[in-house]
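> What follows is a single structure, and I will ask about it in a moment.
The values are calculated or read from the model by the stated rules, or taken from the named source; none is laboratory data. All values derive from a computational prediction rather than experimental measurement. Methodologically, a virtual Cβ is constructed for each residue, glycine included, from the backbone with ideal geometry; neighbour enumeration extends over all protein chains shown.
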């Protein structure tokens, strides 16, 4: 990997700071000059999205709380406004809670970040917009008791919702204490409600959504005749077209279109909220945050699934909720889940230069009678620094007080409900103070560019349409299998969207990995073709492009002409519970350190491959029947490899040593030079995480010990030139000077369990 030149990268990063984030919409970029490290607090002990009633004692009580938050070390509070409380009568707003909090925050020296809740709709919504209630595929209407509010696919309902956004923006933007927005908490088609009376509720089938879907289809197909050909129907007018409510053997293009429309609709809804804020506030930062990384979601979930890459587009930053211990001990996140959630969110914001932790679990989780293990100060240390190490530019802890009511009552608090402090509150405040003292350092530093891209393509989850029942986690597990190995070896990697392939936005990558790409688009296939032709390396798993974007099967697999790139075609495929591919030609770089006869573990399918005539290919592995199963071919200036199974899926959650070695060897195959190596490389399970960022002055190195024992680790950092370097310990404010050997700077660190090191590295000369 070619190292950056300090002066040039400095110029680039200064431009980034001056211009703000590179949000991909028509809006102007926002200057990002502040790193919020906050707690959720909205005055008193009311839980989100509820608001406390203001009494004669409120001002003094809130002031004491804010003074304590400031004293702990936090620089921001994340407050909220609730549509139901702030517009109890249509067209008449009540922002007295917000105004009081803004006043007291300014007085206290805290910034304010505002979360807007419109899922909790006012009572008048059901009366005035009965036509805009959410409607399930069964025809059942969902009334806005607390959620989900009202369907904004209906113009009049949308005007009411967006009007509330604009009214809030005009009030907030007038305050000097105000900093930024989170305009949608955990977006879904339908949020919060548990609808046991509607099995697998699919939303929304109201008149407004139907009309919007028809317009989307008209744009896609141009005419009703075009739609009829695609759907195998005989419509005579657009008014006859409805979203699919059940599966058909004739076609499931309608299902694909419906789910694709939902993804686009949610993105458009986000953009509408963004523009509504901009009508009342043209300058402040606008964010939103997902319930969890869409890597773990599926369009088959009736409540709706988002695509983080799409949802990030209209915003300045997109973020995520992080509840690693949530509400049960057996549901606590693994190390891979923690890493993947933060890296995936970073990847979805890769053009923007940052992302936010919208919610970070503050204390013990509880839902009804379920209770998590206690959240400790060590947990916060690992969670927060793991996010910052991956480029987060804001951390928001949920919440200051535990939940005061509801099925989460008593949970998720940073302090105790009686107001007494906890050790984790003190330690979290100390972290916040460190970030606040080093604002520009954390804002200007960016994770080193990855040379490996793992393709996220949610379309693959649509193969089979509504018939899809088995292997719901096939896509996420396949991606995680590769990611887990690279993360264990501290290799920088990005998740990239299928659309990056379609747009040819691959210039920073040398290796593209295509896990579980059983549905693909013609444009993405052309992107892969061009990437390899121009010298890139690609590895694809079995049944590549089995279906195209319309659900049509190709004549040859790999489909969409990709058999020419990979130099093979499918001979046959077998579905088996246990799949092992026998390695053969161990002279190939991808099999370095492995022995002939060793077994690469697969999953779901064993695909036999037939090399194309007159193509020079290398056979690296065989099926149990002795057919080629791992084949490498040259194409243009690059190389393409096919593996006739799903080794990524087979490498998660447990790491397979052979698979792990094979994945790591792909770097050698693609001639990828790492920005650093560590003394822990080679472990199949690595509890010490190392992350590197660059800034105009030098580097920022993060080392996190996730294990329960002390660890010693040496990092060999590839620096620009030989010489002396000053290593500043950011957490403990101490420094040493080290000299590089050639272009390698050795940095030794010893960490106690659950401890973190954050080191600024700059030339000393």
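> Report whether or not residue 583 is under 19 Å from residue 485 (Cβ atoms), surrounded by fewer than 17 Cβ atoms within 10 Å (Cβ to Cβ) and either outside the structural domain of residue 691 (by TED's automatic domain parsing) or in contact with a strand residue (DSSP E or B) (Cβ under 7 Å, 6 or more places away or on another chain) (or both). Let's see the steps before the verdict.
Values: under 19 Å from residue 485 (Cβ atoms): yes; surrounded by fewer than 17 Cβ atoms within 10 Å (Cβ to Cβ): no; either outside the structural domain of residue 691 (by TED's automatic domain parsing) or in contact with a strand residue (DSSP E or B) (Cβ under 7 Å, 6 or more places away or on another chain) (or both): yes.
So residue 583 does not fit the description; no.
> Next question. Scan the range 357-387 for residues that are buried (at least 24 other Cβ atoms within 10 Å of the Cβ) and part of a strand (DSSP E or B) and jot them down.
Scanning the range 357-387 gives 357, 358, 359, 360, 361.
> Taking residue 60, is it assigned by TED's automatic domain parsing to the domain that holds residue 185, part of a helix (DSSP H, G or I), farther than 21 Å from residue 192 by Cβ and in contact (Cβ under 8 Å) with a residue 40 or more places away in the chain? Quick ask: steps written out before the conclusion?
On the way: assigned by TED's automatic domain parsing to the domain that holds residue 185: yes; part of a helix (DSSP H, G or I): yes; farther than 21 Å from residue 192 by Cβ: yes; in contact (Cβ under 8 Å) with a residue 40 or more places away in the chain: no.
Spelling it out, it is not the case that residue 60 is assigned by TED's automatic domain parsing to the domain that holds residue 185, part of a helix (DSSP H, G or I), farther than 21 Å from residue 192 by Cβ and in contact (Cβ under 8 Å) with a residue 40 or more places away in the chain.
> If you don't mind, another one. Scan the range 172-182 for residues that are surrounded by fewer than 24 Cβ atoms within 10 Å (Cβ to Cβ) and touching a strand residue (DSSP E or B) at 6+ places or on another chain (Cβ under 9 Å) and report the count.
Just the residues of the range 172-182 that are surrounded by fewer than 24 Cβ atoms within 10 Å (Cβ to Cβ), to begin with: 173-179.
Add one more test, that the residue is touching a strand residue (DSSP E or B) at 6+ places or on another chain (Cβ under 9 Å), and what stays is 175, 177-179.
Total satisfying the criteria: 4.
> In addition: Of the residues 315, 310, which single one is within 18 Å of residue 264 (Cα to Cα), modelled with pLDDT of 95 or more and surrounded by fewer than 24 Cβ atoms within 10 Å (Cβ to Cβ)?
Details: 315 fails: surrounded by fewer than 24 Cβ atoms within 10 Å (Cβ to Cβ).
Only one candidate qualifies: 310.
> Let me ask something else about it. Could you check the range 417-450 and list, in sequence order, the residues that are assigned to a loop (DSSP other than H, G, I, E, B) and surrounded by 22 or more Cβ atoms within 10 Å (Cβ to Cβ)? Quick ask: steps written out before the conclusion?
Our first condition is that a residue be assigned to a loop (DSSP other than H, G, I, E, B); within the range 417-450, this holds for 417-422, 438, 445, 448-450.
Of everything in the range 417-450, those that are assigned to a loop (DSSP other than H, G, I, E, B) and surrounded by 22 or more Cβ atoms within 10 Å (Cβ to Cβ) turn out to be 445, 450.
> Which of (1) more than 21 Å from residue 480 (Cβ to Cβ); (2) within 32 Å of the chain's Cα centre (by Cα) does residue 624 not meet, given it meets every other one?
Result: residue 624 passes all but (2).
> Then there's this: Exactly one of (1) surrounded by 20 or more Cβ atoms within 10 Å (Cβ to Cβ); (2) in contact with a strand residue (DSSP E or B) (Cβ under 7 Å, 6 or more places away or on another chain); (3) at pLDDT below 95 is unmet by residue 186. Its number?
In the conditions (1) surrounded by 20 or more Cβ atoms within 10 Å (Cβ to Cβ); (2) in contact with a strand residue (DSSP E or B) (Cβ under 7 Å, 6 or more places away or on another chain); (3) at pLDDT below 95, residue 186 misses (1) alone.
> How many of the residues making up the range 388-401 are in a loop (DSSP other than H, G, I, E, B) and either within 15 Å of the chain's Cα centre (by Cα) or without any contact (Cβ under 8 Å) to a residue 60 or more places away in the chain (or both)? It would help to see each step written out before you state the result.
Restricting attention to the range 388-401, the residues satisfying the condition of being in a loop (DSSP other than H, G, I, E, B) are 390-391, 399-401.
Add one more test, that the residue is either within 15 Å of the chain's Cα centre (by Cα) or without any contact (Cβ under 8 Å) to a residue 60 or more places away in the chain (or both), and what stays is 390-391.
Total meeting the criteria: 2.
> Let me ask something else about it. Can you name every residue in the range 83-112 that is within 30 Å of residue 128 (Cα to Cα) and either in a helix (DSSP H, G or I) or not assigned by TED's automatic domain parsing to the domain that holds residue 429 (or both)? First the steps, then the outcome.
First, pick out the residues of the range 83-112 that are within 30 Å of residue 128 (Cα to Cα): 83-99.
Answer for the range 83-112, where residues must be within 30 Å of residue 128 (Cα to Cα) and either in a helix (DSSP H, G or I) or not assigned by TED's automatic domain parsing to the domain that holds residue 429 (or both): 83, 84, 85, 86, 96, 97, 98, 99.
> Here is a list of conditions, (1) surrounded by 13 or more Cβ atoms within 10 Å (Cβ to Cβ); (2) assigned to a loop (DSSP other than H, G, I, E, B), and residue 197 meets all of them except one; can you say which number that is?
Going through the list (1) surrounded by 13 or more Cβ atoms within 10 Å (Cβ to Cβ); (2) assigned to a loop (DSSP other than H, G, I, E, B), residue 197 breaks only (1).
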